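Below: the structure, in structure tokens.
The values are calculated or read from the model by the stated rules, or taken from the named source; none is laboratory data. Quantities reported herein were computed from a predicted structural model and do not represent experimental measurements. Note: ideal-geometry Cβ built from the backbone for every residue, glycine included; neighbour counts use all protein chains shown. Calculation scope for accessible area: heavy atoms of the full protein, side chains included, ligands and nucleic acids excluded. Shrake-Rupley method; radii C 1.70, N 1.55, O 1.52, S 1.80 Å.
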Amino acid sequence: MRKRIQKSMILVIFTTLFISYGVMTVVVYRQTVSLLEDETRQEADYIRAAVKTAGTAYLEEMDAVRKNTRVTLIGGDGHVLYDSKEDEYTLENHKDRPEVKEALRDGSGQDIRQSDTLGKEMFYYALQMPDGTVLRVSKTIDNAFRMAVQVLPVMGGLAAVMLLFAWGLSKWQVYRLIRPVNELNLEQPLENDVYEELRPLLESIDRQNKEKDAVANMRKEFSANVSHELKTPLTSISGYAEIMKNGLVKPEDIGVFSERIYNEASRLITLVEDIIKLSRLDEGKVEMEKEEVNLYELTREICSRLSPQASSRNVHIEVTGEPVVFRGIRQILDEMIYNICENAVKYNREGGSISVWVGSTLKGKKVIVTDTGIGIPKEEQERIFERFYRVDKSHSKESGGTGLGLSIVKHGAMIHEAGIRVESEPGKGTKMELTF
């Protein structure tokens, strides 16, 4: 960044100097040409006055004096009567020369063109004499260009000095500009008193810092919860196994203890599986391809799998609606609907019911699960999608819940860009809507 700023400043100064030189050259050239034209006109007036007094012999007497001025005397018919630079071109008829034609018509005329005689760009000025002849005086304007070019070394030296100065100034200026940036406190970005232009960047860094802190805290809490959730069934399994190992269990109670060990192991396996699912969803490692999924058929299949669990609690499940096809990841859609329906069974009352509707609405394709369970207090409805959060912790342990089911639902909804809506009232049941 420092080098880029320095290069930019030097480039700007160099470009400015180059343009300034170009403008100055044009101005000097035009001013020199203007002075030369005035000088030529004045000299022509003097020569005409002298010729009037001394006659044309004056022209030949002044040949040795007029080194840089060409003087031509032209007759009214265009024939050259005298030329201070006499050569083969002076013998040509000059009646068609622009300045001569203008002088014969208006009394005076002028023109700038390349001289065939001298091979230089010349300024010609012609005056009509009293006897009808034309006096023409001309000077080369190449001197004007040379004078403009002579400014080049001065401008080059000035440019070198200015570029050296610009390099030093840019180095100091860049250091002064960069220093506050190098001294930024990125841990507390909003406490920095720097350029106003950096404010949006610092606010963005502050938001990212807060997000990172939130993620770090969430991971820390998640790790603590995982440790606790894993420790509970492992402690039970270890305790039951130790009692059986030490022979402290009656033969008729071995089946009971074995069943408890099996249940705790099953709960542990389910928990580990849920953690793995959630981690894969978190890290975006879901590599399954999307396919056309009939949500109605999928929901009926899920409810059939839950029938034994529902029957054990005397909970009636009813599925209604219409075939609806959605393009998504079948396994994740299965886990989403399964977890919602399973919660409706687990947290339902004895002899309760579950109504599942699948169909298309104006807002999209929906899966709506309504139960007659324990319900969720209003203040806790926002937190039920947090990992390991349970509304009724004692009931969750009895039902074998891991506290990760709705977190999986939330992540699955994010992957499929689906919406989740919860309506619930304690003691009256819960209604959950998935909108695709």
The residue that is modelled with the lowest pLDDT, considering only those in region 127-161 that are open to solvent by 70 Å² or more (accessible area, probe 1.4 Å) and β-branched (Val, Ile, Thr), is VAL154
Would you say GLU382 is in a loop (DSSP other than H, G, I, E, B), at pLDDT below 90 and open to solvent by 40 Å² or more (accessible area, probe 1.4 Å)?
yes
When every residue in region 100-121 that is at pLDDT below 90 and in contact with a Phe, Trp or Tyr (Cβ under 7 Å, 6 or more places away or on another chain) is compared, the one most open to solvent (accessible area, probe 1.4 Å) is ASP116
Scanning region 304-339 residue by residue, those touching a residue at least 12 places away in the same chain (Cβ under 8 Å), assigned to a helix (DSSP H, G or I) and open to solvent by 10 Å² or more (accessible area, probe 1.4 Å) turn out to be ARG305, GLN309, ARG330, GLN331, ASP334, GLU335, TYR338, ASN339
Condition set of a type outside the set (A, V, I, L, M, F, W, C) and more than 26 Å from VAL154 (Cα to Cα), scope region 28-44, selection surrounded by the most Cβ atoms within 10 Å (Cβ to Cβ): answer is THR40
Any chance TYR124 is among the hydroxyl-bearing types (Ser, Thr, Tyr), open to solvent by less than 20 Å² (accessible area, probe 1.4 Å) and modelled with pLDDT of 80 or more: yes
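Yes or no, residue by residue, for (1) open to solvent by 90 Å² or more (accessible area, probe 1.4 Å); (2) in a helix (DSSP H, G or I); (3) at pLDDT 80 or above; (4) within 28 Å of LEU434 (Cα to Cα):
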| position | (1), (2), (3), (4) |
| --- | --- |
| ALA214 | no, yes, no, yes |
| ALA224 | no, yes, no, no |
| MET244 | no, yes, yes, no |
| LYS277 | no, yes, no, yes |
| LEU281 | no, yes, no, yes |
